[in-house]
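Below is one structure, written out as structure tokens; comments come after it.
No value in this document is a laboratory result; all are computed from the given coordinates. Being a predicted model, the structure only gives us computed values, none of them experimental. Neighbour counts are summed over all protein chains in view; Cβ atoms, including those assigned to glycine, are modelled from backbone coordinates with ideal geometry.
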Amino acid sequence: MTDCRLYLITPPSIDLATFPDLLARALDAGDVACLQLRLKEAPRDDLRRAIDALRPIAQSREVAFLLNDDAELAAQTGCDGAHLGQEDGDHARARTLLRDATLGITCHGSRHLAMDAGEMGADYVAFGAFFPTATKDAQHRAEPDILEWWSSLFEIPCVAIGGITAENCAPLVRAGADFLAVVGAVWNHPDGPAAGVRAMNAAISGA
Ligand SMILES: Cc1ncc(COP(=O)(O)OP(=O)(O)O)c(N)n1
Ligand SMILES: Cc1ncsc1CCOP(=O)(O)O
Ligand SMILES: [Mg+2]
């Protein structure tokens, strides 16, 4: 029995006329620990509109709603937290702004970055990319042994990301990932996002 859970990230762009319904059906299809809103190209006003539309859908289902890249906006808009990369501003300031809300930090494949994030007060550290991904031009790779190392030494949860699918995720679960973060495995699933959530949960349980 694993404690690993699914961490869902939105597609890179969404249509607010149709996406809320798709999201609700995906979240109702199985266990999702959190949803990260990641719209890299969206102007700030569109981002605010997306937060207003999607945050209640996640939070009403007890799915934590995290915002990518912007801790200040996350704190202003009732998000449950933010995910920041190494280039996404001052992590210590973000920690202060977010108070008790969740702060996750990208650590690529680096033990050093992960220990820094832990000392700074991150609520989770994220390692990746574990596999080739079409969602992002990922400049860094990680190997499963970093999950084993981290989880054997630290209590802070670790997230695995990058090209993860139902077919390839088992070694990451067995290596100690607390969460598997995915975009394509759910939103590009041939039978639709709800089927993607079901497939990921079945793969996590069977790992
Ligand atoms: C859970 C999770 N892990 C890593 C990332 C990547 O964050 P970052 O390195 O800042 O890259 P962008 O997502 O901003 O392109 C993430 N978003 N979520
Ligand atoms: C945001 C991000 N950071 C590293 S890989 C990645 C993309 C994850 O998307 P997918 O699950 O489709 O590979
Ligand atoms: Mg970022």
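Taking 7 Å steps out from each Cα toward its Cβ at THR96 and ASP3 produces label points 3.2 nm apart. Relative contact order for the chain: 22 percent, from Cα pairs under 8 Å spaced at least 6 residues apart, divided by residue count.
Checking every one of the GluC sites (Glu not before Pro) in segment 45-105 against DSSP loop status and a limit of 12 other Cβ atoms within 10 Å picks out GLU62, GLU87.
Work through the residues other than MET200 whose Cβ is under 14 Å from its Cβ and net out their charges, Lys, Arg +1 and Asp, Glu -1.
Values: positive: ARG5, ARG198; negative: ASP31, GLU167, ASP191.
My count for the surroundings of MET200 gives -1.
Counting charges near ARG5 (Lys, Arg +1; Asp, Glu -1) among other residues having Cβ under 10 Å from its Cβ returns a value of -3.
Taken one residue at a time, the phi angles of segment 101-110 give Karplus couplings (6.51, -1.76, 1.60, θ = phi - 60°) of 6, 6, 10, x, 10, 5, 10, 6, x, 10 Hz. Gly and Pro are set to x. Electrostatic bookkeeping for HIS83 treats Lys and Arg as +1 and Asp and Glu as -1; over the other residues with beta carbon under 14 Å from its beta carbon, the sum is -3.
If the segment from ASP28 to LEU16 were pulled out straight at 0.36 nm per residue, it would be longer than the present Cα-Cα gap by 2.5 nm.
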